[in-house]
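The values are calculated or read from the model by the stated rules, or taken from the named source; none is laboratory data. Keep in mind that this is a model prediction, so the values were computed, not measured. Neighbour counts are summed over all protein chains in view; Cβ atoms, including those assigned to glycine, are modelled from backbone coordinates with ideal geometry.
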Amino acid sequence: MNRNILLLILISVSISGFAQTKTDGWERFAKTKFDAKYNQGAGEYFLFPTFPAELTASVGKEIDLEGYYLPIDVEGNAYIILSKFPYSQCFFCGGAGPESIAEVYFKATTPKFEGDQFIRIKGKLKLNDDDLEHGNFIVEEAVLVKK
């Protein structure tokens, strides 16, 4: 009987070791280091990222993110902001870090969402370390997986 329990435990541990979460993108984003640097043009300090090697190796590859739609006014509805946290806790409003948001550019027309709507998307990862007009984590050619 003890053998059966031991076998069951070993199988459970090995299966869980191979499981991947759908939101591992946020965990990878969280490994990014940010340093405040002075920007002459803007006359103030901004956080600039240093991306880990594992993340830079993922550029152009598919990434899967689940999160909350933030109702940020974007000119031309070109993209949306997806947040790991709801609006009250997001980077812009609640003190979370820049690693908790991503710009999402859809492959087709940008769908309509309600504020704080929880969605899941897939697309190709792009990183931004110098354009202050955009986020550090960008998902291009995205498709909506779950609304």
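Of note:
- Residue in the stretch 108-123 that is surrounded by the fewest Cβ atoms within 10 Å (Cβ to Cβ), counting only those that are of a type in the set (A, V, I, L, M, F, W, C) and under 14 Å from the mean Cα position of the chain (by Cα): Phe118
- Any hit, the stretch 124-147, residues being outside any strand (DSSP E or B), surrounded by fewer than 16 Cβ atoms within 10 Å (Cβ to Cβ), in contact with a helix residue (DSSP H, G or I) (Cβ under 9 Å, 6 or more places away or on another chain) and at negative phi: no
- Where Ile119 falls short, out of the listed (1) in a strand (DSSP E or B); (2) on the phi > 0 side of the Ramachandran plot; (3) not acidic (Asp, Glu): (2)
- On the stretch given as the stretch 76-91, residues that are outside any strand (DSSP E or B) and either touching a residue at least 12 places away in the same chain (Cβ under 8 Å) or over 21 Å from Asp130 (Cβ atoms) (or both) total 11.
- Cβ-Cβ contacts under 7 Å between residues 6 or more apart (or on different chains), taken from a first residue in the stretch 59-72 that is in a strand (DSSP E or B) and β-branched (Val, Ile, Thr) to a second residue that is surrounded by 15 or more Cβ atoms within 10 Å (Cβ to Cβ) and at pLDDT below 95, are listed as Ile63/Gly25.
- Residues satisfying the stated conditions in the stretch 6-43, i.e. among the hydroxyl-bearing types (Ser, Thr, Tyr) and at pLDDT 50 or above: Thr32, Tyr38
- Failed item in (1) farther than 15 Å from Trp26 by Cβ; (2) assigned to a loop (DSSP other than H, G, I, E, B); (3) at pLDDT 95 or above, with Gly94 passing the rest: (3)
- Pairs with Cβ under 9 Å, 6+ apart, first in the stretch 41-55 and free of Cβ contacts under 8 Å to residues at least 12 places away in the same chain, second part of a loop (DSSP other than H, G, I, E, B): Gly41/Leu132
- Counting only residues that are of a type outside the set (Lys, Arg), more than 15 Å from Val74 (Cα to Cα) and either part of a strand (DSSP E or B) or in contact with a strand residue (DSSP E or B) (Cβ under 6 Å, 6 or more places away or on another chain) (or both), the stretch 101-116 holds 1 of them.
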